[in-house]
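Worksheet for the structure shown next.
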Amino acid sequence: MPDNKKPSDKKHPEKPEESERIKRAIEIATKAHEHQLRKTGEPYIIHPLAVKKILEEWQMDEDTIIAGILHDTVEDTDLTLENVKKEFGESVAFLVDGVTKLGQVRKNMKDLDTYLPETRDNFLRLMIATGNDIRVLIIKLADRLHNARTLSALPPDKQKKIALETLEIFAPLADRLNMGRLRVELADLAFSYVDPKRYNYLKNLIEENNKQAAKALKQIEQEVSDLLTKEKIDFEISGRIKSVYSLHKKLAKHNQNLGEIYDLTALRIIVPDITSCYLALGLIHSLYTPMNERIKDYIAKPKQNGYQSLHTTVITKNKKIVEFQIRTREMHEYAERGLAASFYYNEQKLTENYKEGKIQHLPTNLLWITELQDAAAKLKEGKKVDLRKLRLNLFADKIFVYTPKGDIIDLPKGSLPLDFAFRLHSEIGGHVVGVKINGKMSNLNHRLEQGDIVEILTSKNQTPKQSWFDKIFTSHARQKLRQILPKE
C-alpha cells in the first residue's frame, strides 16, 4: 500500500510559536505555584503546563490556553481574579473564575457511599454556573485528563473516588461534546482503577483477539486498498482498536457473549468527501457480504452529539467478520476531538453570545447548552431549578424519532409527544390536539421509542393547558410551555 494512503497526522497545522501573552501566563503561574508540590513530589507547575499542552493539542484559542495555565491560581495561590483580569482581560478572567467555581463545588462533595448522585447534582450546579461559555468545560476536561493520567500518585480511596466521578460524569460529558478520543482515554483510565481485575481481563482479551486477527486483517486491508486504488478513490486506511470500557459495556448488553460482539476487529477508511464515502461503502459490499442489519448511516442521520460516519459489518470470503467505518477527514476530526476540534474555527462567533445568554442557532446536538443557560437565568432570578429533571435530560440515553417527512429529532429517552412537538416549534407545541405514532392514533402519555415516526396533529383553536406539565418530560418543553401559557 503506498505511503500516501496511510493515515497521517500531517493534516494538522503546525504548532504556532508561543505568544508573549502565553509566555507571560507561564511566568505568572510558575511564580504563583512556586512553593507547591503535587502528590507525586514534582513541582505543581507541571500540572498547569500539562493542561496547556492538552488544550494546544485540541487547538483551542489563546484565551482558553492562558486560562488553562492559570486555572488553579485563584483557588490555590495569592493571585486574585482581579489580577488575572488586569493582566489578561475579562475573557480569561471569566474562564478562570468558571474553573475555580468547579474546584469549590468538588471540595463540598459527600462521602463515597452517596458520592455519585451527589456528584451529579453538584456537577450540574457547576455546569449551570459556567454554561455561558462552553470553554470552561473544555478546560475542566483537560484538567481532568491530566489528573486521570497521574492517579497512581494518590491513595487508593481517592483513586477510586476520582475514577468513579471520571467514569460517571466526565467521560459522558466528553461524549456529549463528541470528543471521542478523550472519552475513550478517560473511561479506560478510570475503569482501570474502578475495577482493575475486570479491566486487565478485558485488556488481555482484546490484545489476544487482535494478535489472532492481525494476519487476516492485513489481508483484508490490502484487498480493500487494492480495490479503492483501482477505482481511483483517494483514501487512508487503518485499524481501529476497541476500547476496554466500551467492550465491558457491550458485553453487559449481550449477556457476556463475546461471539455477539462484531466490532472487535475493525478498519477505518478516511476519504475526501461524502460522495467518496458512499462509493467506498458500495465497493466494500461488492467485495464482501454485508450484514444488512448492521449497516448504519450516521452521515444522513448523525448521532445526537453530531457524530457522522458510515458503519458496515461484513463477512469476508474466509468467514471473518469485520466492521468498517467510513468518513471524511472533517468527520474524523470531529469524531476524535468534537467541539474542541471546531470551536476555534466555527464557534468563535458564538463566544460573545454564550456570555450574553443569546444562544440562538446552536446545532441540535448542542441544544443541551441552552438548557444550562435557561437554568442559570432562573437561578439568577432566585427561582428554583429541578436538578432531577435537568440531570435526566443531560445524562439520559438519547432516542431518535422522525417526522413524517423523515427529519430526525433527538430526544432524551423517556420523552413524550409534547416534548417532540415543542422541540419542533413552540407554535406547534401550543396547538397540539393529538398524535399519530407510526401511522396510528396514540395519546399524549405514550413514551416515544427509538425509530418512531411521530406526526403531531394541531388545531388553531387549541390553547395550551396547565395540565400539560404532567405530559412533559424535558425541561426544554416545560420552559416553552411556561412561556406560552395564558396569564391568569
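Amide H contacts of Ile261: none lie under 5 Å away among residues 5 or more positions distant or on a separate chain (H built 1.01 Å from N in the peptide plane; Pro and chain starts excluded). Radius of gyration (Cα atoms) of the range 197-334, expressed as a multiple of 2.2 N^0.38 Å: 1.06.
When each of the peptides 266-274, 165-173 is scored by the mean number of other C-beta atoms lying within 10 Å of its residues, the order from highest to lowest reads 165-173, 266-274. Nearest 0.05, what FRET efficiency do Lys436 and Arg240 give at R0 = 51 Å with Cβ-Cβ as r? Efficiency computed from Cβ-Cβ geometry: 0.80. Legend: calculated FRET efficiency, Glu223 to Arg149, from the Cβ-Cβ distance at R0 = 35 Å, rounded to 0.05, equals 0.35.
Grab the beta carbon distance between Lys317 and Thr275, set R0 = 25 Å, and tell me the FRET efficiency rounded to 0.05. E between Lys317 and Thr275, to the nearest 0.05, is 0.35. Computed on the range 248-313, the Cα convex hull volume stands at 116 Å³ per residue. Between Tyr201 and Thr30, the modelled label-to-label distance comes to 4.9 nm, taking each label 7 Å out from Cα in the direction of the beta carbon. Across the range 27-46, the residues whose backbone nitrogen lies under 11 Å from the label position 7 Å along the beta-carbon direction of Glu18 are 27-30.
Each reported figure results from applying straightforward, stated rules to the coordinates on display, with no laboratory input. Computed from a predicted structure; not experimentally measured. Positions of Cβ are backbone-derived with ideal geometry, glycine not excepted, and every protein chain shown enters the neighbour counts.
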